[in-house]
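*Asks:* Have a look at this one.
The values are calculated or read from the model by the stated rules, or taken from the named source; none is laboratory data. The model shown is predicted, which means the values in this text are computed figures rather than measured ones. A quick note on method: Cβ atoms are made from the backbone with ideal geometry, for glycine too, and the neighbour counts reach across all protein chains shown. Each accessible area value is taken on the protein alone, full model and side chains, heavy atoms only, with ligands, DNA and RNA left out. Shrake-Rupley method; radii C 1.70, N 1.55, O 1.52, S 1.80 Å.
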There are 2 protein chains.
Amino acid sequence: MLETLGGISDERGALTRTFLSPAMRRANRLVGTWMREAGLAVREDTVGNLIGRLEIRPGAKTLLLGSHLDTVRHAGKYDGPVGVLLPLLALENLRRRGVRLPFNVEVIGFSEEEGVRFDTGYLGSEGYCGWLKAGTLAMKDAAGVTVGAALKDFNGGRFKPPPAAHRRGELLGYVEVHIEQGPVLEARRLAVGVVAAIAGQSRFRITWTGRAGHAGTTPMRLRRDALTGAAEFALGIEAVARRTPGLVATVGVIEVPSGAGNVIPGEAVHALDVRHASDRLRRRALVKLGRIAQTIARRRGLAVKWERTQDNSAVACSPALTARLNRSVKSVQGRTLKLVSGAGHDGVVVSSIAPVAMLFVRCRGGLSHHPDEFASPSDLGVALAVLTDFLQRMGEEK
Amino acid sequence: MLETLGGISDERGALTRTFLSPAMRRANRLVGTWMREAGLAVREDTVGNLIGRLEIRPGAKTLLLGSHLDTVRHAGKYDGPVGVLLPLLALENLRRRGVRLPFNVEVIGFSEEEGVRFDTGYLGSEGYCGWLKAGTLAMKDAAGVTVGAALKDFNGGRFKPPPAAHRRGELLGYVEVHIEQGPVLEARRLAVGVVAAIAGQSRFRITWTGRAGHAGTTPMRLRRDALTGAAEFALGIEAVARRTPGLVATVGVIEVPSGAGNVIPGEAVHALDVRHASDRLRRRALVKLGRIAQTIARRRGLAVKWERTQDNSAVACSPALTARLNRSVKSVQGRTLKLVSGAGHDGVVVSSIAPVAMLFVRCRGGLSHHPDEFASPSDLGVALAVLTDFLQRMGEEK
């Protein structure tokens, strides 16, 4: 299933599936088929989330299981899909064993988590949780299309932000299985581990403005080059992150709009992504970076503008749900391990409406967001056994 | 004429006319009309150059006049067109005065000088002079279209590089009028000046390769970030240029192909443009920059690849032709001034088939490659009077 789904891409020869793209629509159709085969009633909401529901008893509470179906550019096949497909197999395991759960289950393939097309992530889970705000709807992609316009087009001409799919009281929780995207499980020789907390994350779009000019005739000392300002800042960001334990900070994209090889850059725009498990230390680092940018701008005669595109506090997973998950991990794998997730996950947003727990699966070399991303069938088998055990016990104890 | 031509753009609200684009085709049609009104026989060659010929006597030698009709992105209206339109007005002046030149005149609007679409310039003049090489034809634009494929399409399906439009012996010279694009004439309070030499210029496309990875889960010390390597190099380039008198070096474009805000850049690609009036000092600076890039690559675990996209030696203008131009400048303006051009010009390439002279016109603030680029009507009038005087005397003395 991962191989088939991994072949559905917006690009030839590489896996890229972005928000509302043709490949995303095809992926939803395919996964929708698999959901139906697993006995779920399938619908797509107005932000493109694929939702499969096993309605066991009307009025009973619902357990959410899921992850996202979009990808970064030139992605691997595991980041996201694993958490949508394993629940389908777990439900099938239960059916084969004749286990009938006493609660409803909803398996969700979120339509957007990676923040590629609009440089803000969680559009799918924000829509599902009733969070989509006017500011987010006004954000533009590289072609100038807003989130709102893309959603209008997706819905055949009209769109308004959906309300939350559930009230908190209706939900038992949200459980997400995901590849670790880091090296810890591999180092500890474990197939799976349980997430204790998800790091907080701030993302920005930063614009440096100087003065364009002729690259051949403008002496160096008369230049106000926006790009060398941005370059100096990129190195400042790297230096702050290197000397702050646990902090990661990344400039993932940069461009000189309307630039040419023989024109001094009048403008440079880049992204900034800053994460830390401690919200306090993340905020402190951002204040430091703000000062560095100001100093560079002043010295170089540039203007610098920060636009916050995303801001998520660190999220502690639910102790009760995590304890259940730990018990199943111990039962299947012999021992368990608590991890902090440096990556953001849909659970960050879903934690606003449900208690959250996460299971991480070892991936080779800790590599992700890369075509070589890999989790072994046997590790995925362990994760499946854990999830099946978790669901079965939860059913027995309800 | 400048205002009308300046309204012909590939973009709404800004002047951008790149090689073989729809706007370039419209610009050629319009200027072709004006050429015909000035009594010239008009043709377009297979690389899109617009050529207006005043055939006075078959077998007589030919004087070339011209400049380019393409622009940078978000350009001004003067850089290029001034040197195509003033010759038409000068010929009209002569016609009104009843002056009949004893040589043929060819006015050329080169189709490409700025190097925007393919990050290599002089495609028009290289085609005109019979220089277009297989390596140039294989260069690609941002969409992956090669120069050769674009030319094939332009010519309705077939293209082979044209031979030189003239043999050297047939030509009296090439005279180009151009805005100064620098601050010297303004500082000296002169409308026009004469170019003694054009600085040599090297342009490169430089690719840094590291390893893509997840921005949230890859610790800083395990990263091989291609973009921070490129940023460090951009600052190294700036530092070398700042401490080398007369050297200008520019990174005008940069990008992270397939990048996203939450992915560590596995690749970063940028341009480099280096110029100096001394070829020896330019080459010495390039050696220094090569060492700096190697040091950065080694320390950061990156690979760095240089592709030379352009390389032009400094060009000394023809002493004989320049002396004639100086005489006309003195006669019209009272005094003259010798300048070095930091910018490259079509004359760099045309110097391979003809003696070259250049007249610079003052532009406000030395600004060019910018929508605020401006040369006053009275300064343009001085340039026109100089060009008319130059042509008339040349005719009288032939």
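*Asks:* All but one of (1) open to solvent by less than 10 Å² (accessible area, probe 1.4 Å); (2) touching a helix residue (DSSP H, G or I) at 6+ places or on another chain (Cβ under 9 Å); (3) in a loop (DSSP other than H, G, I, E, B) hold for B:Ala343; which doesn't?
*Replies:* In the conditions (1) open to solvent by less than 10 Å² (accessible area, probe 1.4 Å); (2) touching a helix residue (DSSP H, G or I) at 6+ places or on another chain (Cβ under 9 Å); (3) in a loop (DSSP other than H, G, I, E, B), B:Ala343 misses (2) alone.
*Asks:* Let me spell it out: the conditions are (1) open to solvent by 40 Å² or more (accessible area, probe 1.4 Å); (2) outside the structural domain of A:Arg168 (by TED's automatic domain parsing); (3) touching a residue at least 24 places away in the same chain (Cβ under 8 Å), and A:Arg364 meets all of them except one. Which number is the exception?
*Replies:* (2)
*Asks:* Now for a different question. Tell me which residues, restricted to the range A:32-49, are surrounded by 19 or more Cβ atoms within 10 Å (Cβ to Cβ) and touching a Pro at 6+ places or on another chain (Cβ under 8 Å).
*Replies:* Scanning the range A:32-49 gives a single hit, A:Val47.
Residues checked against (1) surrounded by fewer than 16 Cβ atoms within 10 Å (Cβ to Cβ); (2) under 23 Å from B:Gly216 (Cα atoms):
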position: A:Leu286; (1), (2): no, yes
position: A:Ala293; (1), (2): no, yes
position: A:Arg299; (1), (2): yes, no
position: A:Ala303; (1), (2): yes, no
position: A:Cys317; (1), (2): no, yes
position: A:Thr322; (1), (2): no, yes
position: A:Leu325; (1), (2): no, no
position: A:Gln333; (1), (2): no, no
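*Asks:* Also, I was wondering about something else. Please determine whether any residue of the range B:77-86 is basic (Lys, Arg), open to solvent by 20 Å² or more (accessible area, probe 1.4 Å) and without any contact (Cβ under 8 Å) to a residue 60 or more places away in the chain.
*Replies:* no
*Asks:* Among residues belonging to the range B:87-133 that are at positive phi and small (Gly, Ala, Ser), point out the one that is most open to solvent (accessible area, probe 1.4 Å).
*Replies:* B:Gly98
*Asks:* Looking at (1) in the same structural domain as A:His68 (by TED's automatic domain parsing); (2) more than 26 Å from A:Ala385 (Cα to Cα); (3) modelled with pLDDT of 95 or more, which is the one condition that is false for A:Leu190?
*Replies:* Checking A:Leu190 against (1) in the same structural domain as A:His68 (by TED's automatic domain parsing); (2) more than 26 Å from A:Ala385 (Cα to Cα); (3) modelled with pLDDT of 95 or more, the one that fails is (2).
*Asks:* Out of (1) over 26 Å from B:Ser378 (Cβ atoms); (2) within 14 Å of chain A (Cβ to nearest Cβ), the odd one out for B:Gly80 is which?
*Replies:* (1)
*Asks:* So B:Tyr174 ticks every box in (1) over 20 Å from the mean Cα position of the chain (by Cα); (2) over 29 Å from B:His270 (Cβ atoms); (3) of a type outside the set (A, V, I, L, M, F, W, C); (4) modelled with pLDDT of 95 or more but one. Which box is left unticked?
*Replies:* Only one criterion in (1) over 20 Å from the mean Cα position of the chain (by Cα); (2) over 29 Å from B:His270 (Cβ atoms); (3) of a type outside the set (A, V, I, L, M, F, W, C); (4) modelled with pLDDT of 95 or more is unmet by B:Tyr174, namely (1).
*Asks:* Are any of the residues in the range A:178-186 within 11 Å of chain B (Cβ to nearest Cβ), in contact with a His (Cβ under 6 Å, 6 or more places away or on another chain) and over 26 Å from A:Asp273 (Cβ atoms)?
*Replies:* Within the range A:178-186, not a single residue is within 11 Å of chain B (Cβ to nearest Cβ), in contact with a His (Cβ under 6 Å, 6 or more places away or on another chain) and over 26 Å from A:Asp273 (Cβ atoms).
*Asks:* Cβ-Cβ under 7 Å, sequence separation 6+ or interchain: first residue in the range A:1-17 and closer than 12 Å to A:Val116 by Cβ, partner exposed (fewer than 14 other Cβ atoms within 10 Å of the Cβ). Which pairs?
*Replies:* If the second residue must be exposed (fewer than 14 other Cβ atoms within 10 Å of the Cβ), the pairs left are A:Asp10/A:Pro22.
*Asks:* Here's another thing I want to ask about it. How many residues does the range B:193-225 contain that are modelled with pLDDT of 95 or more, among the β-branched types (Val, Ile, Thr) and in contact with a Ser or Thr (Cβ under 7 Å, 6 or more places away or on another chain)?
*Replies:* 2
Residues checked against (1) within 14 Å of chain B (Cβ to nearest Cβ); (2) over 23 Å from A:Gly66 (Cβ atoms); (3) in contact with a Ser or Thr (Cβ under 7 Å, 6 or more places away or on another chain); (4) β-branched (Val, Ile, Thr):
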{"site": "A:Gly290", "(1), (2), (3), (4)": "no, yes, no, no"}
{"site": "A:Leu302", "(1), (2), (3), (4)": "yes, yes, yes, no"}
{"site": "A:Glu307", "(1), (2), (3), (4)": "yes, yes, no, no"}
{"site": "A:Val315", "(1), (2), (3), (4)": "yes, no, yes, yes"}
{"site": "A:Asp389", "(1), (2), (3), (4)": "no, no, yes, no"}
{"site": "A:Met394", "(1), (2), (3), (4)": "no, no, no, no"}
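*Asks:* I need the full set of residues from the range A:145-176 which are outside any loop (DSSP other than H, G, I, E, B), touching a Gly at 6+ places or on another chain (Cβ under 7 Å) and open to solvent by 20 Å² or more (accessible area, probe 1.4 Å), in order please. Outline the logic, then answer.
*Replies:* Step one: filter the range A:145-176 for residues outside any loop (DSSP other than H, G, I, E, B), giving A:146-154, A:168-176.
From the residues that got through so far, the ones that are touching a Gly at 6+ places or on another chain (Cβ under 7 Å) too are A:154, A:174, A:176.
Residue satisfying the conditions is A:Phe154 alone.
*Asks:* Sticking with this structure for a sec: Search the range B:209-232 for residues that are within 15 Å of A:Val253 (Cα to Cα) and more than 7 Å from chain A (Cβ to nearest Cβ) and pair each with any residue that is open to solvent by less than 20 Å² (accessible area, probe 1.4 Å) and of a type in the set (Asp, Glu) when their beta-carbon atoms are under 7 Å apart and the residues are at least 6 apart or on different chains.
*Replies:* Correct list of pairs: B:Gly210/B:Asp225.
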